[in-house]
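One structure below.
The values are calculated or read from the model by the stated rules, or taken from the named source; none is laboratory data. Please read these numbers as outputs of a predicted model, since none were measured by experiment. Note: ideal-geometry Cβ built from the backbone for every residue, glycine included; neighbour counts use all protein chains shown. Heads up: the accessible areas ignore ligands, DNA and RNA and are worked out on the full protein's heavy atoms, side chains in. Shrake-Rupley method; radii C 1.70, N 1.55, O 1.52, S 1.80 Å.
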Amino acid sequence: MQLTKEQKAIINSTGNIKINAVAGSGKTSTIIEYAKSRPSNKKILYLAFNKSVKNEAIRKFSDIGLKNVKVETAHSLAFKNVVYQHDYKVRHSGYKNFEIVEILGINGTGEKLTEFIVANHISKFISYFCNSNKKKVSDLNYLEVIADQKAKTFVKNYYKHIEKYVRLFLSKMDKGETEVTHDFYLKKFQLSNPKLPYEYILFDEGQDASPAMLDVFLKQKATKVIVGDVHQQIYAWRYAINSLEKVDFKDFYLTTSFRFSQDIGNLANQILERKKHLNNHEDVKISGKGTCKSYKTKAVLARTNLGLLMKAIEYVTEKKKIKRIYFEGNISSYTYADDGASLYDVLNLYNGKHRYIKDKLIRSMQNMDDLKEYIEKTEDVQLAMMVEIVNEYGNDIPDIIKKIKAKHIENDQKENAQMIFSTVHRSKGMEYEAIQLVNDFMTEEKLKKQCNGERNNDLLKTKLNEEVNLLYVAVTRTKNSIHIPRPQMPEGFLKSSHIHIMNVEEVDSPRQVVISSENNLSKNSYKSHSFAEVRKKHNHAYLPWSEELDDELTIMFCEGIHVKDLAKHFGRTRGAIRSRIKKLELEEKYSY
């Protein structure tokens, strides 16, 4: 490969170094060349971010015959050193809230759902501690990572209660009385102060490292190399830290992207300039030298599962020519929350059909108001997203999901998909020839408003910084072209042959969205909308249909008015409109 000056400087370096590498800059190739240039008798450890990156790195090192390089993830290292030694059994899926309640014998206090809300915070507190570099639970203040005021008030009232159960659960895992989590055995590995037998340690994706793993890395005597992109940190919600900013190593940079062209690079640069509102902008100019001209893969990228699922529903219900689609990751994961509740459980609660609810937590709730209260006291964004989907599409959901799954192709057929759907988090490390962004990213206007309203809130600034990073990661997934909603565009930025700016009408109407062609290329915050906002938007959603309204709907349906416009006119969700059309059999009677 033809090395750049920046790459040569890294390969010829000595001592501990950190490399800030922009998207598509060939950091893995650079690290491989770095390892290749070291003496073959020196043992090298390459730490990958996840299993898929690990497997790809193993293949690449093997292809060039580097036998002195061992590839691991932080968890695979910890697993071999902790789980085998203590004969632990591992809980791969994590614990659900109702299981924590049962294991710890938590009793309610008379308030609705108290035991489940407490269990939710126990789970999060354990994750916070296990990912930290602290030795004791009491060294942390869990309140510091809670943003929502109602959730914070709840935790203040029950803090000692929660902390006591956190210690008890950790003790049960340590003694092998219950299965250990991945977070737990990584923490136990860090606390054991391991000495790793390597002369060089290469730490990839350092911007998303946990403090626990960074602590292990920094305590080693080996020559250390940490590489990543400070602007691609998008896992702060998992208590990751930007390790590149935490280490005092010599700085090196990779600023040339071989993935995309200069106009995409200019767009990425201007998006990153939004960090000036946070007083947190490091000026790294991205140079784009990509030359891709093909359009085999096209992807829709969203900030949230909700935004992605909404867009997928629009494509499946409105774009009949799309026959083959693919979701990055398991398609079923988009209809389940991490805690195990499914979209169908929320729908059955919405319909008052408790006997069909499988999840014990959702089944314990009397109605949607109980679910609202639970969400407010736990900051459970995933459940809030599910509620919005249920409010929007109602009882059409099973039919719609069935249609989506019917068009979904298997992983080994991904290259044959007409459209790939992914959230930004799942697309990390991926690249596509053409992409379209869903209009659910934070705008610069909203960013400025939130900055002005909470100038000294460090937790909020961390979240807002990550919102900018999410948009940056999204736009830098493309190899050639991008369709981007106008609200996400930097002010004054001119469209180019690779950048197509979508107007609001295009964003909102799936019938008008065009992905890309060779001649024409081109919670908005971290929290979901509240129930109040949803109900305000659909202010007549819960009123009964009268004979006059049915007549009006029939006339407008016959006139060919689109469902989206009917929903706006009647002040109801699109799901409610579709259900009424089905109830009145309008499609059977008036479609030709």
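For segment 317-327, a residue qualifies if it is touching a Lys or Arg at 6+ places or on another chain (Cβ under 8 Å) and open to solvent by 10 Å² or more (accessible area, probe 1.4 Å), and the qualifying residues are T317, E318, K319, I322, K323, R324, Y326. Can you tell me how many residues in segment 180-198 are buried (at least 16 other Cβ atoms within 10 Å of the Cβ) and either farther than 15 Å from C130 by Cα or of a type in the set (K, R) (or both)? Number of matching residues: 4.
In this structure, E72 does not satisfy being in contact with a Gly (Cβ under 8 Å, 6 or more places away or on another chain), over 16 Å from T178 (Cα atoms) and outside any loop (DSSP other than H, G, I, E, B).
Taken together, the residues in segment 33-69 that are aromatic (F, W, Y) and part of a helix (DSSP H, G or I) amount to 2. Filtering segment 150-173 to residues that are more than 16 Å from I100 (Cβ to Cβ) and either among the charged types (D, E, K, R) or open to solvent by 60 Å² or more (accessible area, probe 1.4 Å) (or both) leaves K150, K152, T153, K156, N157, K160.
Taking the listed residues E379, E444, E433, the one that is under 29 Å from D208 (Cβ atoms) and surrounded by fewer than 19 Cβ atoms within 10 Å (Cβ to Cβ) is E433, with no other qualifying.
Quick check on this structure: which one of K537, K479, K568, K463 is open to solvent by 80 Å² or more (accessible area, probe 1.4 Å) and at pLDDT 80 or above? None of the others qualify; the one that does is K568. Restricting the first member to segment 100-124 and to residues that are more than 23 Å from M368 (Cβ to Cβ), and the second to residues that are open to solvent by 10 Å² or more (accessible area, probe 1.4 Å) and of a type in the set (G, A, S), the beta-carbon pairs closer than 7 Å and six or more apart or on different chains are I100/S123.
Criterion applied to H75, H86, H92 was being more than 13 Å from L202 (Cβ to Cβ), touching a Phe, Trp or Tyr at 6+ places or on another chain (Cβ under 9 Å) and open to solvent by 80 Å² or more (accessible area, probe 1.4 Å), and the one residue passing it is H86.
Within segment 95-145, the set of residues being within 19 Å of E379 (Cα to Cα) and among the basic types (K, R) comprises K96, K112, K124. Those helices (runs of 4 or more DSSP H) of segment 394-500 in which at least 2 residues are within 30 Å of K582 (Cβ to Cβ), considering only elements entirely within it, cover 397-407.
Taking E144 as the residue in question, decide whether it is modelled with pLDDT under 95, of a type outside the set (K, R), within 29 Å of the chain's Cα centre (by Cα) and not in a loop (DSSP other than H, G, I, E, B).
For E144, the condition - modelled with pLDDT under 95, of a type outside the set (K, R), within 29 Å of the chain's Cα centre (by Cα) and not in a loop (DSSP other than H, G, I, E, B) - is met.
Got at least one residue in segment 330-345 being within 24 Å of I146 (Cα to Cα), hydrophobic (A, V, I, L, M, F, W, C) and surrounded by 18 or more Cβ atoms within 10 Å (Cβ to Cβ)? So far as segment 330-345 goes, yes, one or more of its residues are within 24 Å of I146 (Cα to Cα), hydrophobic (A, V, I, L, M, F, W, C) and surrounded by 18 or more Cβ atoms within 10 Å (Cβ to Cβ). Within segment 7-30, the set of residues being surrounded by 18 or more Cβ atoms within 10 Å (Cβ to Cβ) and among the charged types (D, E, K, R) comprises K18, K27. Only one of the numbered conditions (1) aliphatic (A, V, I, L, M); (2) closer than 28 Å to E163 by Cβ; (3) modelled with pLDDT of 95 or more is not met by V69, and that is (2). Return the only residue of Y88, Y165 being touching a helix residue (DSSP H, G or I) at 6+ places or on another chain (Cβ under 8 Å), outside any loop (DSSP other than H, G, I, E, B), modelled with pLDDT of 95 or more and more than 30 Å from G26 (Cα to Cα). Among Y88, Y165, only Y165 is touching a helix residue (DSSP H, G or I) at 6+ places or on another chain (Cβ under 8 Å), outside any loop (DSSP other than H, G, I, E, B), modelled with pLDDT of 95 or more and more than 30 Å from G26 (Cα to Cα).
Meeting the requirement of 1 or more residues that are under 23 Å from the mean Cα position of the chain (by Cα) and of a type in the set (A, V, I, L, M), the strands (runs of 3 or more DSSP E) wholly within segment 190-308 are 223-228, 298-302.
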